[in-house]
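Each value in this text was obtained by applying a stated rule to the coordinates, not by laboratory testing. These numbers come from a predicted model, not from an experiment. For neighbour counting, all protein chains shown are included, and Cβ atoms are generated from backbone atoms with ideal geometry for every residue, glycine included.
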Amino acid sequence: MNWFQVGASNEMESAYAHFVPADDLDALDSLVLHRYRVDLVLARHLDVPAHHRSVLWRGAFGAVFRSLVCHDLALACEACPLRGTCPFPRVFAPSKVEGRPAIARLRDPPRPFVFTDPYPEAPSLASGAPIALGLTVVGAAAVDLPYFVVTLRRLGDDGIGRERTRFRVEAVRCVDAAGLSGESVYARGGDVVRPLRLPLRARDLMRPGDAGARRVRVRFVTPTDVRGGRDGGAEGAPAFGALVRRARDRAGALATFFGPGPLGHAPLAVAAAADGVTIARAEVVREKIVRRSTRTGQRHPLGGVVGAAVYEGAGVAASMPWLRLAEALGVGKHATFGNGRIAVDVL
């Protein structure tokens, strides 16, 4: 039997009766997510390797977004007199907010959105059948949702990838904490994007069993590059403490720049609990991806590990809110490009 599919018994789960205090979840309430499902249909197969597609969506989206809203493409955002009102820098080149604390590990504020490829392991995407592209928008960036929809429509008209594969956007819908699609924000044939939001917080993402978790399997669905701390042995899986710290850093930065203020948690306590969790088993490989910037022409490495690892220890339960946020937001370097996508199962 594949050990990645082995779960703990109900008796074992009840024996690990560790609970996440309500105050800990309250401390994360300043981070609000808005998730959407973008139903699109490809005109022909999109033959792009699985781990490259998320990078492709993000890169192509950024180039088209700027072409739609920028009055001078040759002018850097920092020097533009319209920077304070233009949606492009708000989304793609956000600046530090006056009066908000700096994030020591981040040179620039994170981008407040993530695209999620629906089939991250498929070698290509088929034409004809609807494809559900995921879109998560953070906090105040939700006001720019109409620009996201219009940009995706234009990208579909222009085509994506080297072959310029065209697609049409059929609908955009809100998605709830369980991943179910709800009210329509946009439907093909209409010219209006409805400003609908379904705010989600860390408490909404928690699942049955999380509060008593002591053993979890983390699948690194797209290349995950987690820095800080040592690797978890020769297998190369990230140490649990480093994984939780990077999830905490990303969530904290997004709340600071796109929410009402920093998260109110106790970071040292989170780190201490996570550091006590060890790797029980791991099976990962390192993927190498290189992205070429459409704007600058420069090439950037975007690799990381894919595969799975099982972690166990008393600190797992206290870390579950951060892992659930990381499922929605990604974790580690280049998360905005679709890297660092993880899936967490309580065993």
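I'd like the distance separating the alpha-carbon centroids of region 37-98 and region 200-221, in whole Å.
31 Å
Out of the GluC sites (Glu not before Pro) in region 131-186, which ones are loop residues according to DSSP with at most 12 other C-beta atoms within 10 Å? Present the calculation step by step, with values, prior to reporting the outcome.
Values: sites: 163, 170, 183; in loops: 163.
Within region 131-186, the qualifying GluC sites (Glu not before Pro) (loop, at most 12 other Cβ atoms within 10 Å) are 163.
If each DSSP helix of 4+ residues adds -39,500 (n - 2.57) and the sum is divided by the residues in the chain, what number results at 222 nm, nearest 500 deg cm²/dmol?
Numbers: 9 runs with 97 residues, N = 347.
Calculated at 222 nm, the ellipticity per residue is -8500 deg cm²/dmol.
Ordered by residue, what ³J(HN,Hα) values in Hz, to whole numbers, does region 193-202 give under the Karplus form 6.51 cos²θ - 1.76 cosθ + 1.60, where θ = phi - 60° and Gly and Pro are x?
Along region 193-202, the couplings run 9, 6, x, 8, 9, 10, x, 10, 10, 4 Hz.
So if each residue of separation counts as 0.36 nm, and I subtract the Cα-Cα distance between residue 288 and residue 108, what length gain in nm does that give? Intermediate values should be presented prior to the final figure.
On the way: separation 180, 0.36 × 180 = 64.80 nm, distance 2.40 nm.
Separation in residues times 0.36 nm, less the Cα-Cα distance, equals 62.4 nm.
Normalised by the residues of region 33-187, what does the relative contact order come to in percent, with Cα pairs under 8 Å and at least six apart?
Answer for region 33-187 is 42 percent.
At R0 = 30 Å, how high is the FRET efficiency between residue 44 and residue 299 if r is their beta carbon distance? Nearest 0.05 is fine. Don't skip to the end; give the middle numbers.
Working: r = 27 Å, r/R0 = 0.91.
That pair, residue 44 with residue 299, gives E of 0.65.
Suppose we take every Cα in region 33-187 and form the convex hull; what volume per residue is that in Å³?
Value for region 33-187: 141 Å³ per residue.
Residues of region 34-51 with the amide nitrogen closer than 20 Å to a label point 7 Å from the Cα of residue 178, along Cα-to-Cβ, please.
34-38
In nm, to one decimal, how far is the residue 119 label point from the residue 343 one, both placed 7 Å along Cα→Cβ?
The modelled label-to-label distance comes out at 1.4 nm.
If R₀ is 25 angstrom, what is the calculated FRET efficiency for the pair residue 79 and residue 154, using the beta carbon separation as r and rounding to 0.05? Each step should come with its number before you reach the end.
On the way: r = 26 Å, r/R0 = 1.02.
Efficiency, rounded to the nearest 0.05: 0.45.
Please arrange 157, 29 by how many other C-beta atoms lie within 10 Å of their C-beta, fewest to most. It would help to have the intermediate numbers written out before the result.
Values: 157 12, 29 15.
By the 10 Å Cβ count, ascending: 157, 29.
Under 11 Å from the 7 Å Cα→Cβ point of residue 163, by amide nitrogen: which residues of region 108-128?
124-127
Using only Cα atoms, tell me the angle between helix 240-258 and the longest principal axis of the chain; keep it within 0 to 90° and round to the nearest 10.
40 degrees
Among 221-227, 132-138, how do they line up from the highest to the lowest mean number of other beta-carbon atoms within 10 Å?
Values: 221-227: 23.7, 132-138: 20.4.
Output ranking for 221-227, 132-138: 221-227, 132-138.
Quick check: residue separation of residue 68 and residue 192 times 0.36 nm, minus the Cα distance between them. What number comes out in nm? All intermediate terms of the calculation are to be shown ahead of the outcome.
Working: separation 124, 0.36 × 124 = 44.64 nm, distance 1.70 nm.
Extra length available between residue 68 and residue 192 comes to 42.9 nm.
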